[in-house]
Amino acid sequence: MAFNLQQVLKALLFSSSQPLSIKDIQGAFARFHEQATLPLAPAAAEEPAPGAEGSPPVGDEPAAEVEAAPPEASVETAMEQDVPSLITASQIREAMDALAASLREADDVFLLIESAQGYRLVTHPRHARWIRILRNEPSPVKLSQSALETLAIVAYRQPVTRSEIESIRGVSAEAGVNKLLERELIYITGRADLPGRPLQFGTTDRFLEFVGVKSLVELPASDVLSPRQIDAWLQNAMNPSKPGDEAMGLPQEDLPLETAIMTDHGAVVQNLPESVTPSEDVRPPSA
């Protein structure tokens, strides 16, 4: 039986409780070849031939039956002889993709996924309830809509402070941030260079597993606002300006300069007669 890379990878994944990276797999093959080149252990001392001095005479004891090696041992030896001396990263990726496709086509109970830490076999979600029953675990608590909105802001704007989250959502984000910290979906990355040195938050590797991506680059692009537009919107939200008549929807009634003169008392006089010059003190009629 020839060496089958997919079967070896499947065996390694099944026996590991942690995700396996390509570097881990290549390290396993390197150790295999190191052990294959080690010198064999010295052979045991030869037993005296039958009839020789010090040996029991022939016929006194029945000859021991020689047991044949199990067939599994010969198959394993044949596979070990065909192991390539070098397994490249591209070969491992291709074998992993083929293995994942075969599991999906066979509708297997296991799925092969790739996370930020590496590859691993997981149980199909349709069997999750049986696993929880076996382990006597409660059903997972779903995130609320408020927590999901907060998580999305942290994912796309990280590192982000709580005040920036509240500026975008318009409500307090303390409960949502605490819940996400408890679920280990976000973590404290540091402090912002702002007055008061507020804490900044970012997403964790568990968040990548939660959304099913290997890196933040794979997150879907926002089709609403670009990062530059969000920055400008945040700047305006943090430093609001006083709205004018146009922003409030009020009509703009600009009076022409030649027909409107502001008097000392703040009254506006329109359609001045030609005999009156702007330098004259025009006062409103007294009551």
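Starting with the fewest neighbours, write out S90, S21 ranked by other beta-carbon atoms found within 10 Å of each beta-carbon.
Working: S90 9, S21 17.
Placing the least packed residue first, the sequence is S90, S21.
Could you line up T203, T161, T189, T37 from fewest to most neighbouring Cβ atoms inside 10 Å?
In increasing order of surrounding Cβ atoms, one gets T37, T189, T161, T203.
What is the gain in length, in nm to one decimal, between Q35 and V211 on full extension, counting 0.36 nm per residue of separation less the C-alpha to C-alpha distance? Provide the component values of the computation, followed by the final result.
On the way: separation 176, 0.36 × 176 = 63.36 nm, distance 4.06 nm.
So the extension gain works out to 59.3 nm.
Could you derive backbone 3J(HN,Hα) for region 201-214 from the dihedral phi with the Karplus parameters 6.51, -1.76 and 1.60 (θ = phi - 60°), listing whole Hz in sequence and x where the residue is Gly or Pro?
So the J values, rounded to whole Hz, are 10, x, 8, 9, 5, 5, 5, 4, 5, 5, 9, x, 10, 8.
Once amide H atoms are built 1.01 Å from N in the peptide plane, which residues 5 or more positions from Q200, or in another chain, come under 5 Å H to H?
Those lying under 5 Å, H to H, from Q200 are T189, G190, R191, A192.
When a footprinting reagent is the concern and you count Cβ atoms within 10 Å, what order do K142, K179, K214 take, fewest first?
Least to most surrounded, the residues fall as K142, K214, K179.
Using r as the Cβ-Cβ distance of H124 and A175, and R0 as 35 Å, what FRET efficiency do you calculate, to the nearest 0.05?
Efficiency for this residue pair is about 0.55.
How high is the FRET efficiency between S139 and L12 when r is their beta carbon distance and R₀ equals 25 Å, given to the nearest 0.05?
For R0 = 25 Å, the calculated efficiency reads 0.20.
Which value in nm describes the separation of the simple spin-label points at A152 and E182, placed 7 Å from the Cα toward the beta carbon?
Here the modelled spin labels are 2.3 nm apart.
Just so you know, all these numbers are worked out from the coordinates, no wet-lab data involved. Since the structure is predicted, the reported quantities are computational estimates derived from the model, not experimental observations. Every residue, glycine as well, gets a Cβ built from its backbone with ideal geometry; the counts of neighbours run over all protein chains shown.
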